Amino acid sequence: MLTDTHCHVQVQDYQADRPAVLQRARDAGVATLICVGYDLPTSTAAARLAQAQADEVGSPRLYASVGLHPHDAHDLTPALLDELRALSQTEGMVAVGECGLDYYRNLSTPEEQRRAFVAQIELATELRLPLIVHDREAHQEVYQLLREHGAKRGVMHCFSGDWDFARRCLDLGFFISLAGPVTFKNPRDLPDVARRVPTDALVLETDSPYLAPVPRRGTRNEPANVRYTAECVAALRGVELDQLAEQTSANATRLFNLS
């Protein structure tokens, strides 16, 4: 059974057919989802969805995270941070994030992004929860802030760097999460990373509704599609799909301390 360690099935994109999306995930062998928040409304919605699905027989098991995306870092206030902290105490919450730096769009200033990222690194440490890190075109600064502020547990979501960067993140104690881009026609350094990440430090994700893998590229992504990414990574590593699914799911359970 597979685990999608990063999806956003709580958002409006799935309002019309969410039960069918979750059923397709289960039918594809996806047993567990981490429903990731990126601001207060989506974090709240993730928590509510995880709680609503807790007793649904035949549905994937849902967990949630609470965080503020770097795009919205300008919204961070002490009051908002307190609301995120309080929400993190609800049942089914297993991580802080997604948070980090995004120097591709710069919808918040670099200084605002750094301030919000550091606040959430410290929040994760305070709560003893893993950190879900968003990193786009900011590898070196993300690494420096994680190291300088003592982050020791988390995952590099939708990893986009090379092996040297992956190795440095692994040395900090972080897991590497591969998503749809590893299946793309131009995956850059991702196949090399997929082959070299230690077996016990690799997890998989969809980042749905974004980044649908081949052969679903160009459509709305959903958790069932993590199977295509798993098939690609298994082929790159020269292992059977079942073996990869079992190991990456065990890694996710250990990373997020899942029940």
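The values are calculated or read from the model by the stated rules, or taken from the named source; none is laboratory data. On a predicted model such as this, the values are computed, not experimentally measured, just so you know. Note that we place each Cβ from the backbone using ideal geometry, even for glycine, and neighbour counts take in every protein chain shown.
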(request) Being surrounded by 23 or more Cβ atoms within 10 Å (Cβ to Cβ) and not aliphatic (A, V, I, L, M) is the filter here, so list the residues in region 88-99 that pass it. (result) Ser88, Gly97, Glu98, Cys99
(message) I need the full set of residues from region 213-243 which are in contact (Cβ under 8 Å) with a residue 24 or more places away in the chain, of a type in the set (A, V, I, L, M, F, W, C) and farther than 17 Å from Arg18 by Cα, in order please.
(response) Val214, Ala230, Cys232, Val233, Leu236
(request) Could you grab me the full set of residues in region 54-81 that are of a type in the set (S, T, N, Q) and out of contact with any Cys (no Cβ under 9 Å at 6 or more places or on another chain)? (result) Ser59, Thr77
(request) Sort out which residues of region 1-23 are closer than 20 Å to Gly67 by Cα and either touching a Phe, Trp or Tyr at 6+ places or on another chain (Cβ under 8 Å) or outside any helix (DSSP H, G or I) (or both), and write them in order of number. (result) Asp4, Thr5, His6, Cys7, His8, Val9, Gln10, Val11
(message) If the requirement is being within 24 Å of Met156 (Cβ to Cβ) and either touching a residue at least 60 places away in the same chain (Cβ under 8 Å) or β-branched (Val, Ile, Thr) (or both), which of these qualifies: Val30, Val21?
(response) Val30
(message) Can you say whether Gln51 is in contact (Cβ under 8 Å) with a residue 12 or more places away in the chain and surrounded by 21 or more Cβ atoms within 10 Å (Cβ to Cβ), as far as the supplied structure shows?
(response) no
(request) Output yes when any residue across region 200-218 is hydrophobic (A, V, I, L, M, F, W, C) and over 22 Å from Arg26 (Cα atoms), and no when none is. (result) yes
(message) Just to verify a result, which residue in region 233-259, among those that are of a type in the set (Ser, Thr, Tyr) and modelled with pLDDT of 95 or more, is nearest to Phe175 (Cα to Cα)?
(response) Thr248
(request) Only residues in region 119-144 that are modelled with pLDDT of 95 or more count as the first member; pair them with residues that are in a strand (DSSP E or B) and of a type in the set (D, E, K, R), Cβ under 6 angstrom, at least 6 apart or cross-chain, and list the lot. (result) Ile132/Glu98; His134/Glu98; Arg136/Asp102; Val142/Asp135
(request) Answer yes or no as to whether Glu205 is more than 18 Å from the chain's Cα centre (by Cα) and not basic (Lys, Arg). (result) no
(request) Within region 100-157, track down each residue that is farther than 18 Å from Phe256 by Cα, surrounded by fewer than 16 Cβ atoms within 10 Å (Cβ to Cβ) and of a type in the set (Asp, Glu). (result) Glu111, Glu137, Glu148
